[in-house]
């Protein structure tokens, strides 16, 4: 058995790397759907279908839990899969499996509240005092998942999403730093103009963006809190697996990297981020 990590491309490696650190003895299998990446501009039903296919592939490889290390897949597909697909799939294969995402841990991190907490709306109306900026794909922005779920828990936070079409694709293709800096600065400035000031906190709502977190940090004012999704996810999973011992994550320290795209070595940016050359197997 193993812990599976799924993303449309290399962005989920940011989460995967942290899980490798936290679950050293567990067997981890990473799947990148590079043949269909990026997901951000795709239609909702297509994202659901692609995400389900990725989860099935990882379950076939022995995963007992799949982490959707992709904000687009998690915001569009996760609830649908958990409610309408997983119950029948568990019965079909006859073993406990689950699909989890990174939206819940991120919202818990930015709000400081557990997922099951809801703010009291019967008191005096609270004027928002902090602004949260969400840099994300078009599909995640359209879902409004961050606006909706953060507002349920913290009425003193105002959330604004800034869709960054094409940015994940540029990172996936290994675009030069200079080009990425221009694109990131343009989006940070666009958000500033739209809300009248820079955000107090920023969510890099696409795991690809965490690969260039240093570029976002330079584009944002000094002192802006940038939510670290990989750490939030790993923290949440440690708590989850302590409660749910029915999931077998393996114990041999296996590390496999699969892709639906072209197998072989990944680009220089991935190598630099990962800290060593990284090669994907064909899936």
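Tabulated values for the structure
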item: Filtered residues of region 226-235 (kept if in contact with a strand residue (DSSP E or B) (Cβ under 8 Å, 6 or more places away or on another chain) and either touching a residue at least 40 places away in the same chain (Cβ under 8 Å) or exposed (fewer than 15 other Cβ atoms within 10 Å of the Cβ) (or both)); result: 227, 229, 233
item: So residue 217, is it assigned to a helix (DSSP H, G or I), under 26 Å from residue 136 (Cβ atoms) and out of contact with any strand residue (DSSP E or B) (no Cβ under 8 Å at 6 or more places or on another chain); result: no
item: Failed item in (1) crowded, with 19+ Cβ neighbours inside 10 Å; (2) in the same structural domain as residue 241 (by TED's automatic domain parsing); (3) part of a helix (DSSP H, G or I), with residue 66 passing the rest; result: (3)
item: Residue count for region 84-129, restricted to those that are in contact with a strand residue (DSSP E or B) (Cβ under 9 Å, 6 or more places away or on another chain) and closer than 23 Å to residue 248 by Cβ; result: 11
item: Lone qualifier among 117, 89, 146 - being surrounded by fewer than 18 Cβ atoms within 10 Å (Cβ to Cβ), at negative phi and at pLDDT 95 or above; result: 89
item: Among the candidates 240, 209, residue that is surrounded by fewer than 18 Cβ atoms within 10 Å (Cβ to Cβ) and touching a strand residue (DSSP E or B) at 6+ places or on another chain (Cβ under 9 Å); result: 240
item: Subset tally (residues that are closer than 24 Å to residue 228 by Cα, in contact with a helix residue (DSSP H, G or I) (Cβ under 6 Å, 6 or more places away or on another chain) and surrounded by fewer than 19 Cβ atoms within 10 Å (Cβ to Cβ)) for region 7-40; result: 1
item: Considering residues of region 163-203 that are in contact with a strand residue (DSSP E or B) (Cβ under 6 Å, 6 or more places away or on another chain) and crowded, with 24+ Cβ neighbours inside 10 Å only, the residue farthest from residue 143 (Cα to Cα); result: 199
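The values are calculated or read from the model by the stated rules, or taken from the named source; none is laboratory data. In this text, all values refer to a predicted model and were calculated from it rather than measured experimentally. Virtual Cβ from ideal backbone geometry, glycine too; neighbours counted across all protein chains shown.
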